Every structure is written in structure tokens, then in C-alpha cells.
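The block underneath contains the structure these notes are about, expressed in C-alpha cells.
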Amino acid sequence: MTRRFDLPKPGDPVVRPEPNESMTDVSRAPGRGSAADDRPTIGVLGIQGDVSEHIAALARTGARAQWVKRPEDLEGIAGLVLPGGESTTLRRLLDYEGLLAKIRERYAAGMPVFGTCAGAILLATEVDGAPAPHLGLVDMTVRRNAFGRQRESFVASLDIEGLEGGPLEAVFIRAPLIERVGEGVEVLASIEGEIVLAETDQALVASFHPELTDDLRLHRRFLDKVQAGSVV
């Protein structure tokens, strides 16, 4: 495992691409595209965190990506990415914008979700040390800041179950870990016995930031999940 202590924070200029129309202005696109464009539209929760990095990664997979800031933005999208950021702040903004119930509603209707770092915390049914979960959609227990604070950020090469192409370089920044998974949750990768990547038929959860590298395999894995579900 390689550790680096000078990694960029999500949103820093060195990792944030310049937005352009093809990345961000897709609000008019239906969830499964039109007759001329059958690409799925995937929403990225855009209230705080490393939103633009996910938008750019999804665009490179061939998906259409849309910022999600309000409940109405969830209409017509085929999947939702919950990015890294600060989980307590994200929860407050979810409540403020009225997004919590709408995301739960869309998930119950079959919409796939992909949570990275703080996004994984939002998805967990139990957060160690917290009085209650946030969205509570994936049967797992997570522990916040399990690998240390910002200065303990590191990169690790992960062998991921079922992922072709060799190890994946994973960036950990104030990362949580998954302490427990419930029925129907498959462990895909661990570090020294600690779970850092898992999935269900409808969800993909990562302790790290796949959007901060050039490796698109996890975004493509999520896109495959979205296309298999065909939920709008």
C-alpha cells in the first residue's frame, strides 16, 4: 500500500476539471435519452463535495450527467451518484433542500445509487457513533474518518472482486470504512481486512474517491448497473 500525504482535496483546482456544457448542462435530457441519443442520464448530488469530478468521469464513460440540487432534479434520471464531501453538511443540505425523502422514494422505485466516501456514509443503515442513519438505504455499518484525518490521506492498490484489468488505484481522504455488511451486500475489496468497497444489486459503495484518478472502471460498473435496471 502506497501512502501519500500531499494528495489534493476534492474540489481543488488540480483535480477539478473546468465545467463545460457537455458535462453539466444536461437538465433537458430524459433518463434514458431520446431516439437520437439513448445514453442514460445519471444524476450527481450537487449540493456539496466533489461534484464536478464525478460529472467529468461519467461524461468520459459515455453517460449523460446532471447536477441534482432539488427534488425535481431527480425526475427522469436513471441513477444517482452521492459524492464525497462532509457527511454532516451533506445531511443538513439534504434536509434543507427536501431531497432526503425524494431520494428514498426513487431508490424504493428501483433507482441505482453510487456512494463514494461521504456518500457511502449517507447510504449506510448505521453510522458508528451517530444517533441515526441518514438515507439508510444499504444494510451496512460505517465508521467515519477511520483512516485518520486529512494529513493521513493515502493511495492504495486494490484487488477488486470481478473487476478486470488489474488492481485499481484508490485515493483515500478522511475515508470511512465499512465495519459490517448485511444480507445481500457483497464485499468487493478490503485493506488489511477492512472493507472499503461493496455492492448490492442496486447500489455501489466505496470508502475512497474513484473520481480523483483516470481509472473509470468503477464508474463504468455503476453505468452497467444503471443500464441493467433501466429505471427512469
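The values are calculated or read from the model by the stated rules, or taken from the named source; none is laboratory data. Since we're looking at a predicted model, the values are computed, not measured. As a convention, Cβ positions derive from the backbone with ideal geometry for all residues, glycine included, and neighbour counts pool all protein chains shown.
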Criterion (more than 20 Å from Leu82 (Cβ to Cβ), in a strand (DSSP E or B) and either of a type outside the set (Ser, Thr, Tyr) or in contact with an Asp or Glu (Cβ under 6 Å, 6 or more places away or on another chain) (or both)) met by exactly one of Glu169, Glu164: Glu169
Residues located in the stretch 94-114, provided they are modelled with pLDDT under 95 and within 22 Å of Phe208 (Cα to Cα): Leu94
Does Thr141 meet the test of being touching a strand residue (DSSP E or B) at 6+ places or on another chain (Cβ under 7 Å), of a type in the set (Ser, Thr, Tyr) and at negative phi? yes
For the stretch 64-78, what are the residues that are touching a residue at least 24 places away in the same chain (Cβ under 8 Å) and not aromatic (Phe, Trp, Tyr)? Arg64, Ala65, Gln66, Val68, Lys69, Arg70, Pro71, Asp73, Leu74, Gly76, Ile77, Ala78
Candidate set from the stretch 47-78 (those that are of a type in the set (Val, Ile, Thr) and not in a strand (DSSP E or B)); member that is nearest to His209 (Cα to Cα): Val51
Taking the stretch 135-152 and keeping residues surrounded by fewer than 22 Cβ atoms within 10 Å (Cβ to Cβ) and at pLDDT 90 or above leaves Gly136, Asp139, Thr141, Arg143
